[in-house]
Amino acid sequence: DRVNKRNILVILAFFTAAVIGAFSLFRRAVDLVPLMIVTMMLLYGNALYGVLFEVCKGYEYAVILFAGAVSMLIAVGTKNVFEKFS
């Protein structure tokens with residue numbers, strides 16, 4: 001259990017580094033406000049995973065399944081919104 005949590009946190013740390021690296025690369029090419037919003041959303045989501053993994057010790061799979069379900073609902077909702085624009 002300890003090793004599994006450590007591996008998840010290592011992956012999240014590399015993801016955070018990748019987000020910051022991408023921000024550094026795109027800050028001159030893309031409008032700064034949307035880029036900042038996306039970057040902050042990703043970082044806050046990363047922090048939320050860390051908190052949820054600590055709170056839900058032993059039920060990490062539930063956090064992943066819940067996040068997947070929420071992502072699916074957001075994707076379907078977004079698809080419906082964009083279909084109305086067509």
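The values are calculated or read from the model by the stated rules, or taken from the named source; none is laboratory data. Computed from a predicted model, the values in this text were never measured in an experiment. Cβ sites come from the backbone with ideal geometry, for glycine too, and all protein chains shown count toward neighbours. SASA here: full protein model, heavy atoms, side chains in, ligands and nucleic acids out. Shrake-Rupley method; radii C 1.70, N 1.55, O 1.52, S 1.80 Å.
Charge tally for residue 39 (other residues, Cβ to Cβ under 15 Å; Lys, Arg +1; Asp, Glu -1): +1. Loop-located trypsin sites (Lys or Arg not before Pro) in segment 1-52 (DSSP state other than H, G, I, E, B) with a sparse environment of at most 12 neighbouring Cβ atoms within 10 Å: 28.
Magnitude of the charge dipole for the chain, about its Cα centre and with charges confined to Cβ atoms of Lys, Arg (+1) and Asp, Glu (-1), is about 120 debye.
Each label point was placed 7 Å from the Cα along the Cα-to-Cβ direction; for residue 16 and residue 56 their separation is 2.0 nm. As a size descriptor, the averaged projected area of the C-alpha convex hull of segment 1-64 was calculated at 4.4 nm². Taking label positions 7 Å along the Cα-Cβ direction at both residue 28 and residue 83, the computed distance is 4.3 nm, reported to one decimal. Average accessible surface for the chain: 80 Å² per residue, computed with a 1.4 Å probe over protein heavy atoms with every protein chain in place. Counting 0.36 nm for each residue step from residue 35 to residue 76 and taking away their Cα separation leaves a gain of 12.4 nm.
Here the accessible area is traced with a 1.4 Å probe on the protein chains. For segment 20-84, carbon and sulfur cover 77 percent of it.
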